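Please read the structure below before turning to the comments.
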Amino acid sequence: MKNPVTLALKHMDGSSRNIIIEPMLRPDLTDTGTYKIYKAAIDNESALFTEELEINEGKPALNDEANPDYLGSIVIAPIHEQWKYTGDLLNADEQQQIASFIQQQEV
């Protein structure tokens, strides 16, 4: 996966939670196996920005730990189809849905 994607995580009660999965790429655009996870807009009308911001206000980017939309990261080991989540905001089922989705994208 080269570009960020949105995913609707399904919950047992029938509700869903929209997230953005952003792949972390090497300078040569190859996959690192690490993906950052963010909350999507509540109204589900958020857009994924894949181009650099044209207006540079000279402010540093907000680091992930200070970003209220940051849900953590997941690392996928393709050889053994194992994954490791770093964060504490996603439950085990949500983590599994994300890992399965990413693995399906790589096939």
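The values are calculated or read from the model by the stated rules, or taken from the named source; none is laboratory data. As the structure is a computational prediction, the values presented were derived from the model and not from experiment. Neighbour counts are summed over all protein chains in view; Cβ atoms, including those assigned to glycine, are modelled from backbone coordinates with ideal geometry.
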Could you tell me which numbered condition Thr30 fails, if it satisfies all but one of (1) under 20 Å from Ala77 (Cα atoms); (2) under 13 Å from the mean Cα position of the chain (by Cα); (3) of a type outside the set (D, E, K, R)? (2)
Which listed residue, of Leu9, Leu25, is under 24 Å from Glu106 (Cβ atoms), in contact with a helix residue (DSSP H, G or I) (Cβ under 7 Å, 6 or more places away or on another chain) and modelled with pLDDT of 85 or more: Leu9
Here the qualifying pairs (Cβ atoms under 8 Å; residues six or more apart or on different chains; first in region 26-37 and more than 19 Å from Gln82 (Cβ to Cβ) and free of Cβ contacts under 8 Å to residues at least 40 places away in the same chain; second assigned to a loop (DSSP other than H, G, I, E, B) and of a type in the set (Lys, Arg)) come out as Leu29/Lys2
Name every residue in region 83-107 that is among the polar types (S, T, N, Q), in contact with a strand residue (DSSP E or B) (Cβ under 8 Å, 6 or more places away or on another chain) and without any contact (Cβ under 8 Å) to a residue 60 or more places away in the chain, in order of residue number. Thr86, Gln95, Gln103
